[in-house]
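Read through the structure below, which is laid out as structure tokens, and then see the notes.
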Amino acid sequence: MESLAELRARRAFECRLVPARALRSLDEAAAFLRDRGLLTRTTDCALPSLYEACHEDPYRPGRPGFATWPAQKWPWFGELGGRGYLITAVHRGKNLIVSGEVAALLDPICRAEIERMRAFDSDWRLLLDHLAAVGPSSIEDLRTELRLKRQELKALRSPLERCGAIVSRSMEVTAGAGEQHSSVLARWDQAYPAGGAGTDPGDALKDLVVAGARAAVVAPEAEVERWFSWQWYWSVTLIDDLVSGGRLRRVEGYLTAP
């Protein structure tokens, strides 16, 4: 059994928290994602972060927001998405990029969310059904076809993305003097058509929590419930069940996946 100090040392190595382990290329970043299974963009919890693993000076030191991103390696997150890895907002609205294995864990939850959100709100149903009929669509096309203002579409898509019912990917469009960025929206079952298994969403969330603990190596128990958006699938005994089943281990207020 590793001690908390030993787990922290392993976390520093495996999550590339030391400068000697800094990511040097996009290929290394892709291997890091496959190894960990899921990466946040910036550091906000114990889950491993792509930009933290870059160990590069910020774009504009002393400034907030995008200025804190790595000066040269900031496109890597989107470029990994361009390689086929899904970028989701299920980390409570923040970007989370996942490997194929973790996408399979997300699949039962995100498919359940499509049905839950279709039934819950007629406007959400309108957008989801439209995407089902026409396929993945650009923001501009959706605004035109659904006769929505920019803020109206944003208000519709945000909770759907946060819960995993839809995902977005960036694209470049030629407009005026140069290239501009837009987004294409797709239902989860269009972005990940390989799924469809009937796993219970609550059980799938347990699998996902274990995957997150394994990715982090060790994480404060108090923060784990805040990793993902779906509080309605979280049971009060979820962590206890995983510990008693041997899938997680408690160490001085922290959790690790054996």
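The residues on offer are VAL217, VAL184, and the sole one that is open to solvent by less than 60 Å² (accessible area, probe 1.4 Å), more than 21 Å from LEU47 (Cβ to Cβ) and in contact with a strand residue (DSSP E or B) (Cβ under 8 Å, 6 or more places away or on another chain) is VAL184. The number of residues in region 77-91 being outside any helix (DSSP H, G or I), in contact with a strand residue (DSSP E or B) (Cβ under 9 Å, 6 or more places away or on another chain) and open to solvent by 50 Å² or more (accessible area, probe 1.4 Å) comes to 0.
Residues being part of a loop (DSSP other than H, G, I, E, B), in contact with a Ser or Thr (Cβ under 6 Å, 6 or more places away or on another chain) and over 25 Å from SER183 (Cα atoms) are represented in region 32-50 by at least one member. Scanning region 198-209 for residues that are more than 15 Å from the chain's Cα centre (by Cα) and within 14 Å of LEU255 (Cα to Cα) yields a single hit, LYS206.
Inside region 61-72, can you point out the residues that are on the phi < 0 side of the Ramachandran plot, in a loop (DSSP other than H, G, I, E, B) and loosely packed, with under 13 Cβ neighbours inside 10 Å? Don't jump to the end; show me each part of the working.
Here is the first cut: in region 61-72, the residues on the phi < 0 side of the Ramachandran plot are 61, 63-64, 66-72.
Right, trim to in a loop (DSSP other than H, G, I, E, B) and you get 61, 63-64, 69, 71-72.
Correct list: PRO61, ARG63, PRO64, GLN72.
Taking GLY253 as the residue in question, decide whether it is surrounded by fewer than 19 Cβ atoms within 10 Å (Cβ to Cβ), touching an Asp or Glu at 6+ places or on another chain (Cβ under 7 Å) and either over 23 Å from ALA165 (Cβ atoms) or of a type outside the set (Lys, Arg) (or both). In short, yes.
With respect to the conditions (1) open to solvent by less than 50 Å² (accessible area, probe 1.4 Å); (2) out of contact with any strand residue (DSSP E or B) (no Cβ under 9 Å at 6 or more places or on another chain); (3) of a type in the set (D, E, K, R), ARG11 falls short on a single one, namely (2). For region 16-53, which positions are among the polar types (S, T, N, Q) and farther than 18 Å from THR256 by Cα? Those that are among the polar types (S, T, N, Q) and farther than 18 Å from THR256 by Cα: SER25, THR40, THR42, THR43.
Of the residues making up region 29-60, those that are out of contact with any Phe, Trp or Tyr (no Cβ under 9 Å at 6 or more places or on another chain), free of Cβ contacts under 8 Å to residues at least 40 places away in the same chain and open to solvent by 40 Å² or more (accessible area, probe 1.4 Å) are ALA31, ASP35, GLU52, HIS55, ASP57.
The values are calculated or read from the model by the stated rules, or taken from the named source; none is laboratory data. Note that the coordinates shown come from a computational prediction; the quantities given were computed from them, not determined experimentally. Reconstructed Cβ throughout: ideal geometry from the backbone, glycine too, with neighbour counts over all protein chains shown. Heavy atoms of the whole protein, side chains included, go into the accessibility calculation; ligands, DNA and RNA do not. Shrake-Rupley method; radii C 1.70, N 1.55, O 1.52, S 1.80 Å.
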